[in-house]
Every structure is written in C-alpha cells, then in structure tokens.
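Novice: Supplied in structure tokens, the structure appears directly below.
Laboratory data are not the source of any read-out in this text; all were calculated from the coordinates shown. Everything numeric in this text was worked out from a predicted model, so none of it was measured. Because the Cβ atoms are built from the backbone with ideal geometry, glycine has one as well, and the counts that use them run over all protein chains shown.
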Amino acid sequence: MTTDTDAAGPAPRPGSARLKGLMILGVLVVSALVFLAWSQSWGTLTVTGDGASGRALDVPGATAAPALAALGLAGLASAAALAIAGPVIRIVLGVLQVLLGASIVLSGTGPLVDPVSAGAPVVTAATGVAGTESIKAIARSEAVTAWPVVAILLGALLAVLGIAVAATTTRWPASGRRYQAVRFASEDGRVLDADDLLELDDRDDTADSDEPSEPVATESPDDAAVRRKATSVDNWDSLSRGTDPTA
C-alpha cells in the first residue's frame, strides 16, 4: 500500500472556484476596512464647563467602538477558515459572519446615536470627571465624522456576505482532501478511505489467525522435579559458601 499526497479531488463546477475566491476576498476586504474604521477619528467633543470652556477633544474609533478590532480580526480568521473548510463548516462560518456583521452594526450605531457617552473616556482622561451624567453636563458633541456610518455599512455588507456564503456553499469546489496530510492508495492507484483501511486491517487479522501457530513446549512432571532438586542443591551450596541465595 502506498501513500498519495497529490491525488486530485473531484472536478469543480464551472465558475465555482471563481465564486469561492470572490467570497473569501470580499470577507477579507470588509474585515480590513473594519480595522481601518476603528483606527480613524469618529468625532469631536467640546468641554463647556469645569473651567475648560471651549476645549475640543478628538474621539478616536478605538475609544468610541473598541470592539471593532476584535470583530475585524474574527472576520479575517473566518475568511482564512473558509479557504480550507468543508461544506458544513462553511455554513457555520457563514452564520458566524452574519453575527459578526450585526455586532459591527451595533458598534457603529452607539457612537452615532450618543456620541458624548461614546467619548466619555476621552473626557475623563482630559478633565478627571467621571460618570455619564457628569460628563454630559460639561461636554457636548461638536462634530461626528462619517466613520460610524462606514462601520455600519461594513457590518451590513459582512452580514450579506455571510448569507451568500451559507447559500452558495454547495457550489464551491471541495477542498477537504487537498489539505489532508497523507492519503493512502492501493497498488493500482485507487485512493483508500477509512472504510477501505478497516477492511484491509480485518483481512490482515484473518490471515494472521489462519496461519498455524508454533507448538508450545510443555514441561513434564519428572523434568520439573529434577529442576527443583537442582535448584535446592544450588541454594545449599550458596549457604555453605556464606552467600544468601535469595539476594
């Protein structure tokens, strides 16, 4: 039996490889853009009280929506998994991408609806004032950039891609055998699966059981008595010489 690591899988449908590539590329691009949105400025807050009237504070996306970094990283990981996953796992990953997209939409909606609460950590770091109500009393939103809207659109697009992945997974080319470390093949080149290997093992076991076994030598009672007597004599001789026979 030989091993075959280069055997090709079933021929993919026309256009299936292109569809798979476009889906994975789309997830990669959207996830990368989520990272870009996370790194940009999301707005400006102006402190109007506490002795710092008119002071402008920039609110970065990392402060307004810190979860975007983890969500973008999860999107990149799911794109990498799509490249080697089987049909069932691709459906699971598609559902996961829908959930990631919904989470990104929620992360972008919060700062857009309440920019002062989203930028509260910046105000606290600059003025020392903590607490949502206290911060709202001394700060107001001066401007909101387009990046929260971009994050919302990216989340919606990722969710759409997840639905498309789950819906078109049966049209993708099979990739499970390609990434299998070692595949077994018979002498005629036929690739063997797990059932074939079990059948071969059963045949080997049957062949071994059919082979005549070698006769097992048995000791007669007379031979055993002679052996015990010789052992006793050797023990007495050892005691005579001052040696412990049990050592």
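Novice: What are the semi-axes of the equivalent ellipsoid for the stretch 24-132, taken as the square roots of 5 times the Cα gyration tensor eigenvalues, largest first, in whole Å?
Specialist: Equivalent ellipsoid semi-axes, largest first: 37, 11, 9 Å.
Novice: Say R0 is 45 Å: what FRET efficiency, to the nearest 0.05, do A77 and E142 get from their beta-carbon distance?
Specialist: Efficiency for this residue pair is about 0.75.
Novice: I've got another one for you. Using modelled backbone amide H atoms (1.01 Å from N, in-plane), which distant-in-sequence or interchain residues come within less than 5 Å of R55's amide H?
Specialist: Distant-sequence amide H within range of R55: V47.
Novice: Turning to a different aspect of this structure: Using the alpha carbon gyration tensor of the stretch 69-131, what are the three equivalent-ellipsoid semi-axes (square root of 5 times each eigenvalue), largest first, in whole Å?
Specialist: That gives 36, 12, 6 Å for the three semi-axes.
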